[in-house]
Amino acid sequence: MGIELDVYCYTTAMDACAKGKMWKTALSILREMKEKGIEPNEVTYGVAVAACGNGGRWEKALELLDQMREMNMKINTITYNAAVSALAKAARTESKQQRRFDFKQKGGKYHATGNQPQNSEVNLLWCKTLDLLDCMESEGVLRDSFTFSSAISTCGAAGRWEEAMHLINTMKADGDRGIKPNRFAYTSAITACGNSGEWEPALKLFNDMKLDGLQPDLVSYNALIGAGMTANQPEQVFGLWDEMLQPNKDKIAPDIVTLTEVIGTLDRATGKINRDRADKVFSDAVKLGIILRQDSLDSSWEVDLSGMSFPVARAACRFIFCRLVEEMKKDKVQTVRDFSLITGASRMREYVREVLRDELNPAIYCVVPKSEQGTLVVKEKVVKNYIDGHL
């Protein structure tokens, strides 16, 4: 005798699909239930909404909410949160695709500029999120910390810093109900300010987070540094780098994202002081094993720059040849050889060639081997000439 499947069995199966991001299978099970005359309940639909959200199908998640309303089903906080979270995930994904470094040539040099163009898709996701928050309020459904944090995350992706600040303040006002801004909410709001170039509000949020007893983590620091980069705040960004290097109980340390944004900020700024700061930051990063790691395939005479941003590659060029001179002074280098820089057969190759030629003194000239178009080779004679010029 077979086991008779009921709504609980089907819902449990859908929940497994939701956790595995198998949204198509979850919806297939939902259809099968209806075909067999087994009526899905609020929990079943809530699981289906979560499955669509986890699978990156926010449109399907909202369609399911509409179906629930048509059937006069009560939509609870958990189900609404699944839909709000789906919108937030989609907004973050879209924003990451839009955020990039644009490198514009100016006066023979490339300058990195943080750029996030207005995106109608992200704005649509924000509007949908706002609609859900309004529905929850009008229906008397509790909006908890997860609701607000997810909504603020969408604000961050859309660069809607004023709305993010408003939601943070709303959470604080509801503190007596246990709804307080958490680290994720604060960090998302900082991101929203950063994407809009609003440095002061971003810094205030960062400090408010500390005052609320929440220790900023790596993501929080990177969000504030990103805000400083967009707002062109080299001194403050350099200060945050130094702050992260200080011993701390949470062992927060910079990563490659931190390095890229800090050097990107300093590279955009003018003056010798910012160039020196960039060189210090790069040197710190090498000591920390963030870049030019000893366990990588890089060697004393071959370095891969192809995965670096332009500003980081620029700092790397200065560091590499400065290190060669220092090692020669300390008799760590006995024989000079050809030096290879792997750049890929791309714009990076010509950029690095310009940096070596125009910014190092004496100038360093490279060749591109016919069989290795993605590599710049500095001949032994040129390397020796550069080292002799600094001894």
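The values are calculated or read from the model by the stated rules, or taken from the named source; none is laboratory data. Computed from a prediction, not measured in an experiment: that's the story for all the values here. Here the Cβ is made from the backbone with ideal geometry for all residues, glycine too, and neighbour counts use every protein chain on show. The protein model used for the area step is the full one, side chains on, heavy atoms only, and it has no ligands, DNA or RNA in it. Shrake-Rupley method; radii C 1.70, N 1.55, O 1.52, S 1.80 Å.
Pull out a ≥ b ≥ c, the square roots of the eigenvalues of the alpha-carbon gyration tensor of the chain, then state rounded if a/c is under 1.5, prolate if not and a/b is larger than b/c, and oblate in the remaining case. Verdict is prolate for the chain. Counting only DSSP beta bridges with both residues in the chain, the antiparallel share comes to about 80 percent.
Under 21 Å Cα to Cα from residue 249, which lysines show up? Leave out anything in the same chain fewer than 8 places away. Straight-distance partners of residue 249: 210, 287. Would you compute, from DSSP H runs of 4+ residues alone, the mean residue ellipticity of the chain at 222 nm, taking -39500 (n - 2.57) per run and dividing by the full residue count, rounded to the nearest 500? After summing the helix terms and dividing by residue count, I get -20000 deg cm²/dmol. Rolling a 1.4 angstrom probe over the protein heavy atoms with all chains in place gives the stretch 251-343 an accessible area of 48 Å² per residue. When a 1.4 Å probe is rolled over the protein heavy atoms, the share of accessible surface on the stretch 272-391 that falls to carbon and sulfur comes to 48 percent. Based on C-alpha pairs under 8 angstrom that are at least 6 apart in sequence, the stretch 14-92 has a relative contact order of 31 percent. Heavy-atom accessible area with a 1.4 Å probe sorts 184, 206, largest first, into 184, 206. When a 1.4 Å probe is rolled over the protein heavy atoms, the share of accessible surface on the stretch 134-188 that falls to carbon and sulfur comes to 49 percent. The loop-placed chymotrypsin sites (Phe, Trp or Tyr not before Pro) in the stretch 300-368, going by DSSP, that have at most 14 neighbouring Cβ atoms within 10 Å of their Cβ come out as 365.
Which of the three applies to the stretch 175-226, rounded, prolate or oblate, going by the alpha-carbon gyration tensor with a ≥ b ≥ c and a/c under 1.5 meaning rounded?
Verdict is prolate for the stretch 175-226.
Normalised by the number of residues in the chain, the mean separation of alpha-carbon contacts (under 8 Å, six or more apart) gives a relative contact order of 8 percent.
Ranked from largest to smallest solvent-accessible area, with a 1.4 Å probe on the protein heavy atoms, 80, 8 come out as 8, 80.
Taking the Cβ of residue 54 as the center, what net charge do the other residues with Cβ under 10 Å away carry, scoring Lys and Arg +1 and Asp and Glu -1? Summing Lys/Arg as +1 and Asp/Glu as -1 gives +4. Note: the stretch 265-391, Cα convex hull, 114 Å³ per residue. Just how many pairs of Lys in the stretch 298-391 have C-alpha atoms closer than 19 Å, counting pairs that are eight or more places apart or on different chains? Within the stretch 298-391, the lysine pair count is 6.
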